Amino acid sequence: MDKSQLRTVTAQLANPSGELGAEISIKMNDTNAFITARTIEALAPSSGDCIVEIGPGNGALSCGLVQTIGAEGRYLGIEISEEMAQVCEKMLRDISEARIDVHAGDCDTASVANASITGLMAVNVLYFVEDLDGLLARIRPWFKPHGRCVFGIRPARTLESLRFHDFGYHIRSPGEIIDAMQAQGFGEISMTHYDEGEGRLGDIAFPNGSIIIKASV
């Protein structure tokens with residue numbers, strides 16, 4: 001895969017659009033199934049929870065989550081791609097009795113009341129965040145006491161192999177993320193690493209893995 005193709009893929013990962021964006025989002029569901037399942041597992045959703053997910057894409061990997069929180073639960077997806085937001089909202093409303101809303105935009109423009117959510121998750125999102133401290137400061141007040149926050153990220157060796165960082169992808173170490181979370185008042189932070197073996201993106205083979213960072217407030 002040449003630099004032009006990598007640049008295009010990186011842009012589509014950040015904000016899927018058009019036929020290529022739809023195609024990439026479907027492929028990413030396969031690639032991200034494991035890391036998303038481990039993230040939801042760490043989030044430990046239950047009936048009646050109010051959950052925010054940043055970057056749900058087309059929503060396919062969130063179906064089990066919204067079914068778990070049930071009719072008394074609420075799910076808010078925050079998805080930068082307007083096209084993916086529409087697909088996600090329809091898909092999740094079709095398969096769950098929970099209150100489903102998907103905001104087309106970012107966390108700065110999402111309307112979330114303080115002390116209103118029990119959990120928040122984001123998978124493969126922090127690479128696209130310019131101001132990590134600003135994001136954490138924005139979301140921290142949203143949580144009810146004892147709320148859970150879970151981020152799923154890839155190890156640095158995975159991201160370096162893919163070379164997305166050549167085009168604005170931010171590679172942050174788990175330690176950097178944890179320090180930033182602690183500074184914003186998140187506590188009881190734990191980290192779990194999973195080795196997923198070799199992954200492939202086109203003609204690029206890379207060492208794949210998942211890092212799950214969980215915190216409470």
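The values are calculated or read from the model by the stated rules, or taken from the named source; none is laboratory data. Since this is a predicted model, take the numbers as computed values, not measurements. Glycine gets a Cβ as well: all are built from the backbone with ideal geometry, and neighbour counts include every protein chain shown. The protein model used for the area step is the full one, side chains on, heavy atoms only, and it has no ligands, DNA or RNA in it. Shrake-Rupley method; radii C 1.70, N 1.55, O 1.52, S 1.80 Å.
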Practice item. Could you tell me whether segment 46-53 includes any residue that is touching a Pro at 6+ places or on another chain (Cβ under 6 Å), assigned to a loop (DSSP other than H, G, I, E, B) and open to solvent by 60 Å² or more (accessible area, probe 1.4 Å)? Key: no
Contact list, first residue from segment 45-61 and within 15 Å of ARG74 (Cα to Cα), second anywhere and in a loop (DSSP other than H, G, I, E, B) and open to solvent by 30 Å² or more (accessible area, probe 1.4 Å), beta-carbon distance below 8 Å, six or more apart or interchain, is SER47/GLU72; GLY48/GLU72; CYS50/SER116
Restricting segment 174-217 to residues that are at pLDDT below 95 and in a loop (DSSP other than H, G, I, E, B), the one surrounded by the fewest Cβ atoms within 10 Å (Cβ to Cβ) turns out to be ASP203
Check your understanding: In this structure, does ALA110 turn out to be open to solvent by less than 40 Å² (accessible area, probe 1.4 Å), within 30 Å of THR68 (Cβ to Cβ) and outside any helix (DSSP H, G or I)?
Key -> yes
ILE26 meets each of (1) surrounded by fewer than 15 Cβ atoms within 10 Å (Cβ to Cβ); (2) at pLDDT 95 or above; (3) part of a helix (DSSP H, G or I) with one exception, condition (2)
Subset of segment 59-85, residues open to solvent by less than 20 Å² (accessible area, probe 1.4 Å), part of a loop (DSSP other than H, G, I, E, B), on the phi < 0 side of the Ramachandran plot and modelled with pLDDT of 95 or more, comes to GLY73
Of those in segment 116-159 that are in contact (Cβ under 8 Å) with a residue 40 or more places away in the chain and assigned to a loop (DSSP other than H, G, I, E, B), the residue most open to solvent (accessible area, probe 1.4 Å) is GLU130
